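*Asks:* One structure, as structure tokens, below. Some questions next.
The values are calculated or read from the model by the stated rules, or taken from the named source; none is laboratory data. Here the structure is a predicted model, which is why all the values come from computation and not from measurement. All Cβ positions, glycine included, derive from the backbone under ideal geometry; neighbour counts span all protein chains shown. Protein only, heavy atoms only, side chains kept; ligands, DNA and RNA dropped before computing areas. Shrake-Rupley method; radii C 1.70, N 1.55, O 1.52, S 1.80 Å.
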Amino acid sequence: MKRRKPLLLRGARQVGKTWLVEKLANENFESFLKVDFEEKQELISLFEGDLNPQKLCSELELRTGIDIKPGKTILFFDEIQACPRAIMALRYFYEKMPELHVIAAGSLLEFAFSEISFPVGRIQSMEVHPMNFSEFLLALNYAKAAEICNNQITGVSDSTHEFLLEQLRIYWLVGGMPECIKVYKDSKSLKQAAEVQDEISETYRLDFNKYKPKTDINCLNAVFSTIAASVGKQIKYTGLAVDFTIPTIKKAYESLLQARIAKKVKALSNIGIPLEVYASDKKFKNLFLDIGLMNRVMGMDYNEALNHKNLLAIYRGQLAEQFVGQEFATQTNNQLYYWARDAKSSNAEVDYLLMIDGLVFPVEVKDGPSGKLRSLHIYRETFKPSWSVVFHAGKAGVLKDEKIVFLPLYFAGAFAQFGIDDKLERFDN
């Protein structure tokens, strides 16, 4: 393939990057050569000199005993951030050995990029997220339910609606980290899944040592604990940590953004396309990497989540807003926005703005009738969107006169992927 480029998989630790590559190799290639730069640090020295790909392949064959055959072998550089010159070498694989399938993966990659000249235009990049809700259902062998949540939005029966809400409640606790889902699937134990979440969180904290000397580790630990509880709120750096200066706190937060543990949701006061042009770098909200980890870091009472009648009311709606944002992030490459009215003493906000097929949809995550959607009505009067969307715990419905579509929470991913069409008017309230 003339246009094939080395593929760089990006994402936080333990979202499944390595598993995906190994599965691809086992199912489609004769051989697989994995170079894990954290496990096999002695291989880093191979990249200290000449980055000629033929020479590197010969050395790797010699060291590993595995033949590298273009078209039949996947060469996989794992934890590539530990060897920045291997990232530089990707350009030469593209230029001199394009017939060889090369994949690299890593976390904390932005830290490595600061040390090298990044091979722009010579690699393809792909973000790997925690598993979304439809993937969670598929992993639990609920293939039909997964299909419903991963296709054009349709009406569902009352029993299907209740089943999907029940599974959604479990997903909010287990989250989308692959190992957590596997442990829950095998054991049906939320406690065991929580133990894995603790292990992952501890792995992230241990990684903080790698952020030095750019970031204060004590500040990082404080901000890491705080950002989980800050979902859905406008971020003020002074609220993320105490006893640290604002520049120190800002650097810690930005480091967590680079590590993909946190995500920015940027504010817009005026609407235009592309949204990024109108987005504020100074006014923003925050999402956590994964809803299950978010619960664990916050120390949430699982019994409350399991027994609470109203999903939207758990933690004042923060879990619902995290879930919808997390589903949106997988479809928008982490480009997330919300609307905040630019006026003194104004608290009018719309939770998300999502652009689909050139249209900007205001999205609220709320329960209750249209009359309680004050901010959404202000937005509609100001910008006249064709449709507005409200995610809630009820079934699908439409207020035709106001052009407001109510969708159950479990359709957040389907909406971000496919949008809505006029057929939804059959869900008439």
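*Asks:* What residues qualify as long-range amide H neighbours of Gly11, i.e. H under 5 Å apart, gap of 5 or more or another chain, H built at 1.01 Å from N?
*Replies:* HN-HN under 5 Å from Gly11: Gly106, Val128.
*Asks:* How big is the stretch 85-164 on each of its three principal axes, counting only the C-alpha atoms and giving the largest first in Å?
*Replies:* Principal axes ranked by extent give 57, 29, 21 Å for the Cα atoms.
*Asks:* Now, a different point. Loop-only GluC sites (Glu not before Pro) in the stretch 112-177, please: DSSP not H, G, I, E or B, and at most 15 other Cβ atoms within 10 Å. Each step should come with its number before you reach the end.
*Replies:* Values: sites: Glu115, Glu127, Glu135, Glu147, Glu162, Glu166; in loops: Glu115.
In loop regions of the stretch 112-177 (DSSP not H, G, I, E or B), the sparsely surrounded GluC sites (Glu not before Pro) are Glu115.
*Asks:* Set the bar at 30 Å for Cα to Cα. Now go through Lys344/Lys395; Lys283/Lys400; Lys263/Lys366; Lys285/Lys344 and name every pair that lies beyond it.
*Replies:* Details: Lys344/Lys395 37 Å; Lys283/Lys400 34 Å; Lys263/Lys366 21 Å; Lys285/Lys344 19 Å.
Over 30 Å apart, Cα to Cα: Lys344/Lys395; Lys283/Lys400.
*Asks:* Right, another one. Accessible area of the chain with a 1.4 Å probe: how many percent of it is carbon plus sulfur?
*Replies:* Here carbon and sulfur together make up 49 percent of the probe-accessible area.
*Asks:* Note the angle between two axes, namely the Cα long axis of helix 84-96 and the longest principal axis of the Cα atoms of the chain, as a number of degrees from 0 to 90, rounded to the nearest 10.
*Replies:* Approximately 80 degrees, to the nearest 10.
*Asks:* When ligands, DNA and RNA are left out and all protein chains stay put, how many square angstrom of accessible area per residue does the chain have with a 1.4 Å probe?
*Replies:* Accessible area per residue: 45 Å².
*Asks:* Would you mind calculating the gained length between Glu199 and Ser346 on full extension (0.36 nm times residue separation, minus the Cα-Cα distance), in nm to one decimal?
*Replies:* Numbers: separation 147, 0.36 × 147 = 52.92 nm, distance 4.16 nm.
Residue separation times 0.36 nm, minus the Cα-Cα distance, leaves 48.8 nm.
*Asks:* Let me ask something else. Which whole-Hz couplings ³J(HN,Hα) result when phi for each residue of the stretch 374-391 is put into the Karplus expression 6.51 cos²θ - 1.76 cosθ + 1.60, θ = phi - 60°, listed in order with x for Gly and Pro?
*Replies:* Couplings: 4, 5, 5, 5, 4, 4, 5, 5, 7, 10, 6, x, 5, 9, 10, 10, 10, 8 Hz.
*Asks:* Would you work out the Kirkwood radius for the chain? I mean one over the mean of 1/r across all pairs of different Cα atoms, in Å.
*Replies:* With all distinct Cα pairs of the chain included, I get 23.2 Å.
*Asks:* How far is helix 318-332 tilted off the main Cα axis of the chain, in degrees rounded to 10, range 0 to 90?
*Replies:* Value to nearest ten degrees: 50.
*Asks:* Now for a separate question. Using modelled amide H (1.01 Å from N, peptide plane; none on Pro or chain starts), what sits under 5 Å from the amide H of Ala262, excluding residues fewer than 5 places away?
*Replies:* Leu257
*Asks:* Scan around Val35 for amide H atoms under 5 Å from its own, H built in the peptide plane at 1.01 Å from N, and keep only partners 5 or more places away or cross-chain.
*Replies:* Phe76, Phe77, Asp78
*Asks:* Would you mind working out the magnitude of the charge dipole of the chain relative to its Cα centre, with +1 at each Lys and Arg C-beta and -1 at each Asp and Glu C-beta, to the nearest 20 Debye? Walk me through the numbers before you get to the answer.
*Replies:* Details: 54 positive and 54 negative charges, 194 e Å.
Result for the chain is approximately 940 debye, rounded to the nearest 20.
*Asks:* When the Karplus curve 6.51 cos²θ - 1.76 cosθ + 1.60 is applied with θ = phi - 60°, which whole-Hz ³J(HN,Hα) does each residue of the stretch 176-184 get, with x for Gly and Pro?
*Replies:* Here the 3J(HN,Hα) series is x, 6, x, 5, 4, 5, 4, 5, 5 Hz.
*Asks:* Continuing with this model, one more query. Could you tell me which of rounded, prolate or oblate describes the stretch 73-218, using a ≥ b ≥ c as the square roots of the eigenvalues of the alpha-carbon gyration tensor, with rounded for a/c under 1.5 and, failing that, prolate when a/b is larger than b/c and oblate otherwise? All intermediate terms of the calculation are to be shown ahead of the outcome.
*Replies:* Numbers: a/c = 2.85, a/b = 1.64, b/c = 1.74.
In terms of gyration-tensor shape, oblate.
*Asks:* So, one more: Give me the angle, in degrees from 0 to 90, between the Cα long axis of helix 190-207 and the longest principal axis of the Cα atoms of the chain, rounded to the nearest 10.
*Replies:* 60 degrees
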